[in-house]
Amino acid sequence: MDDDQRQDNWAAERKNRLPTFTEVLARRTRPPVDLFMFYLFLQREGAEDILDFWLDVQQHENLCRAYFKDVRKSGRTIRDDWPEYWDYARRRGSIYGTVVGLNPHSGTKRSTASTTDVLSEHDRTNLAAAGLDEKAVRSPSPRLPSTSPGTAVATEPPRSTTPFSLSGRTPTLFNHRRASRAPTIIPRTSAISRQDLIASAERIYFRYLSPAGNTVGSNENHEIYLPPSLRIHSFPLNSSQEPKTVNDMSIMAQIPDMFHAQKEYCFRAMEQDAFPRFLRSKAFGNLTPVSALVRLILGLIILWIGLAVGFSLIFLDVHPKSKRFFLFIPFSIAILFLISHQYELDPILIFFMQSESTPFRTLRIREPYVKKLLIGRAVWVSLLVAAHFIHDVFTNCGWGL
C-alpha cells in the first residue's frame, strides 16, 4: 500500500472517530481538538507546564537525533566520534539505537510509522519503579528530514501508544503566560555540537526538574511533579565548560537519553488524565467554563425578571392575553442560557460552526467528526428550548397544556 492510499484511508477513518492523543501532539487534528486548544485547556487548569516539558524534551531528543545524523553524514561513526556514548548505549540501551547503528537488523524500510528504538535499561528500571509498563511507553522515533548545516530540523512528536494528577498546583480559570516554549523548528546555522546537547539538557533540568529556587541565569522555574524514582536531583555539567574528567564524560554520555522516561510518564499522565476531559469539553461542548458560568448568571437573572413581571401582571389583575403573551420571551431566553450552561454548549454558536477558545472568543470548528457530534447535540438542545417555548406560549395564552 503506497503512502497516498494509506493517507486517504487514515483520513476516511478519522471522519468516524475522535482523534487520539498522539494525533493531537503530532498536529494532525484541527480545531477545536488541536494542540493549541489542548494547551489552552491545560492553562485553565494550571497544568500547562507538563505539556511544555513534553514538547521541550521532544525538541531535545530531535536535536540529539540531528547530531547523530550529522556525524554519520560526515563519514564518521558514532563509536569513533563519541565512544563514551557508544559504550553507554551498547551496555544499557538507547532510544537512538537505530539512528546510531546499534540496531542494524531492525530494517531500513521507511513507512508512516517510524522504526521503534530500544528503551534503555535505566529507563525500564525507572518506569517499573513508577508502576508503568515498558510496552505501554515504548514509542517510535520520529523521522527527521535532512539535517545538514544551514537547514532546520522539524520537531514532529512521535507516534506513541502511551495515570494520575497532572499538577499539584491549584487550578485557575485563566493563565496568561507565554505560549509553548518548544518551537516547531530548530534553527540550523551550523553543525550541532555536544555542547549544544548539554545546553539543551541543562535548560530543561533547571526549568522543569530542579527544586524551586535552584534556577540559574534567566531560567524560570516551572517544576513539574514526578514520582521519586523518576526525579533527577542534580545536573553536574555546565554548558559553558567542556567536560574534562572521566566522570564528566560518563555523565555526558547519558545526556541524549536523560529525560526519556520522564517524558513517557508525562505522556501517559496527559493521555489518561487531561486528554479525556479535554475531549469531553471540546468534542461535546463549545463553551469555556467562564462563558458557561456567565450564561448561568444571566439565565437566572432573566428568569427572575420574567417571574417578577408575570406575578406583577397577576397581582395587577391584567387580563388581556396580548399583554401576557410576550412573557414567553424572557422565559425562553432564560431557558436557553440555563440549558447552555448545563450542557456547556451554545446551539446558536454551533449552527455558525463556532467554538470558544477563550471566554467569548471563538474559532471555526473544522474537525469533521467533532462537527458531526456538536451539531447533533445542538439540535437536541434546540429541541429542549423549543419544547419550553411552546409550553410558555400555551401557558401565557391561557390555553394550558
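General remarks:
- Of everything in segment 339-377 that is part of a strand (DSSP E or B) and in contact with a strand residue (DSSP E or B) (Cβ under 7 Å, 6 or more places away or on another chain), the residue that is most open to solvent (accessible area, probe 1.4 Å) is ARG364.
- Looking only at segment 383-399, and only at residues there that are touching a helix residue (DSSP H, G or I) at 6+ places or on another chain (Cβ under 7 Å) and open to solvent by 40 Å² or more (accessible area, probe 1.4 Å), the one that is modelled with the highest pLDDT: LEU384
Here is a yes/no grid of residues against (1) hydrophobic (A, V, I, L, M, F, W, C); (2) at pLDDT 85 or above; (3) open to solvent by 10 Å² or more (accessible area, probe 1.4 Å):
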site: GLN58; (1), (2), (3): no, yes, no
site: GLU61; (1), (2), (3): no, yes, no
site: TYR67; (1), (2), (3): no, yes, yes
site: ASP70; (1), (2), (3): no, yes, yes
site: LYS73; (1), (2), (3): no, yes, yes
site: ASP81; (1), (2), (3): no, yes, yes
site: GLU84; (1), (2), (3): no, yes, yes
site: TYR88; (1), (2), (3): no, yes, yes
site: GLY93; (1), (2), (3): no, no, yes
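- Within segment 238-272, being farther than 22 Å from ARG91 by Cα and in a loop (DSSP other than H, G, I, E, B) holds for ASN238, SER239, SER240, GLN241, GLU242, LYS244.
- Cross-chain or 6+ apart pairs with Cβ under 7 Å, segment 226-249 first and over 18 Å from LEU197 (Cβ atoms), then at pLDDT below 85 and open to solvent by 40 Å² or more (accessible area, probe 1.4 Å): SER229/ALA129
- Scanning segment 273-285 for residues that are outside any helix (DSSP H, G or I) and either closer than 18 Å to ASP49 by Cα or open to solvent by 20 Å² or more (accessible area, probe 1.4 Å) (or both) returns a single hit, PHE284.
The values are calculated or read from the model by the stated rules, or taken from the named source; none is laboratory data. What you see is a predicted model; the values in this text were computed from it and never measured. Glycine gets a Cβ as well: all are built from the backbone with ideal geometry, and neighbour counts include every protein chain shown. For the accessible areas, the whole protein counts, side chains as well, though only heavy atoms, and no ligand, DNA or RNA atoms are used. Shrake-Rupley method; radii C 1.70, N 1.55, O 1.52, S 1.80 Å.
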